[in-house]
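Please treat every number below as a calculation from the coordinates, not as lab data. A quick note: this is a predicted structure, and the numbers were derived from the prediction, not measured. Here the Cβ positions follow ideal geometry from the backbone for every residue, glycine too, while neighbour counts run over all protein chains shown.
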Amino acid sequence: MRNNPLLFVAFLLITLPLCSAAQQDTVQHVVADRTNSPAQQQKPYVILISADGFRYDLADKYHAVHLLRLREQGVAASSMIPAYPSLTFPNHYTIVTGLYPAHHGLVDNGFYDEKRGARYGMSRKDAVADSSWYGGTPLWVLAEQQQMLSASFYWVASESAIQGVRPTYYYAYNDKIDMLTRIRAVKEWLQLPEEKRPHFITFYFPQVDHAGHDYGPDSKEAEAAVHLVDESVGSLVSAVQSTGLPVNFIFVADHGMTAVDTLHTMRLPAAVDTSKFVIPNGDVLLHLYAKNKADVLPTYTALKKSADGYDVYLAEEIPARWNYSRQDDRYGRIGDILLVPRLPRVFSLSGKSTTPGKHGFDNALFDMHASFYAWGPAFKTGLHIPSFENIHIYPLVAALLGLSYDENAIDGRAGVLKGTLK
């Protein structure tokens, strides 16, 4: 490994999780007394894979041999367009609900709910596990409600009993379980008796996002992380194929990644009186929640006059194409004023240095676009499709599994990806 720094970095990415000293929940959780109905036992299988931060061009850029081969055996999109903001929690939940963030409630990785007088944050374990934060019907809930078993080796909200339902088999998110164990768990799920075998499985990789943030998307560390994910996907596919089951794979990412200016970060503008607003921490998007709504317009006017390196929006005036305005905000969680930095600038409220890779920007920017590949017995082969929004994954998975849903209850549309199926 001395002669190949990429392999050394990949080795570290695999083994470092085993060195974590923190106490974490690594036990598989199983909801007892559930079975597939006889009709659902005859259905095919879907494994939905997310590689966090796996930008649309990374497989080609770093020659991910397994993914390049697998996409040729199925369907590849030019890119997949994330919902705004192009952040992890909003988009992972959009993918499994078919709803824009303003419609399902996770409007940011961290935000404030004025009606509750409470904050949600991706590092707040109590909030993440609280089902009252989540709108919509995730795919695993949809499956379980129709007596089809599901499993999750990580996904945003999979640890929460949304509508009283969790996946039959799931793990609380942790970084201590090594990749081989995760892959083996998926194979073991698929080797269960038919009545206990999950037909919908989610699987999550964080490595590309971590490397992209810490070192930038053009770094050797990002390249090594791409290769780690690629090798792991290849191993997962081989393990699953050995079961002989008709399994369909969908490989996606939640967003892309871009390089930012780490030397000229922006502090909170002087026009904002912090005693008058609740301001969750952020770098690519700042929500300002007014304690007294009378302070909104004066602050907005002052910000518009002094803005340099960022744009200022009232919640009512956010661009319609983001589906993120006051009119879209079903849960009242978008700030009264939004501050949106212009690339390559970002905010640093503390004034400390920031990481060189970021996402969360305008979803029209190609660097924010994600990957989409799909292969398996249900998909056409050698098909290339144009870019599409990630809200359309939901009806695709429902169609593959033969699950019914209310078309008027989601933003995604079945017709967008219907042509990918045989």
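General observations
- D by Stokes-Einstein for region 231-270, Kirkwood Rh over Cα pairs, 37 °C, 0.692 mPa s: 224 µm²/s.
- Debye log10 I(q)/I(0) at q = 0.07, 0.10, 0.13 Å⁻¹ for the chain, Cα point scatterers: -0.33, -0.68, -1.15
- FRET efficiency for the residue 355 to residue 407 pair, using the beta carbon distance and R₀ = 45 Å, is estimated at 0.65.
- The tail of the calculated P(r) for region 277-354, taken as Cα-Cα distances beyond 21 Å, holds 26 percent of the pairs.
- ³J(HN,Hα) computed for each position of region 123-134 - Karplus, 6.51 cos²θ - 1.76 cosθ + 1.60, integer Hz, glycine/proline x: 9, 8, 4, 5, 5, 4, 8, 8, 5, 5, 7, 10
- The order of 122, 148, 266, going from fewest to most other C-beta atoms within 10 Å of their C-beta, is 122, 266, 148.
- Two-site label geometry, residue 314 and residue 78: point separation in nm, points 7 Å out along Cα→Cβ: 3.6 nm
- Exposure proxy ranking for 291, 43, 115, based on other Cβ atoms within 10 angstrom of each Cβ and starting from the fewest, stands as 115, 291, 43.
- Given charges at beta-carbon only (K, R positive; D, E negative), |dipole| of the chain in Debye: 200 debye
- Where only C-alpha atoms are counted, convex hull volume of region 196-301 per residue in Å³: 175 Å³
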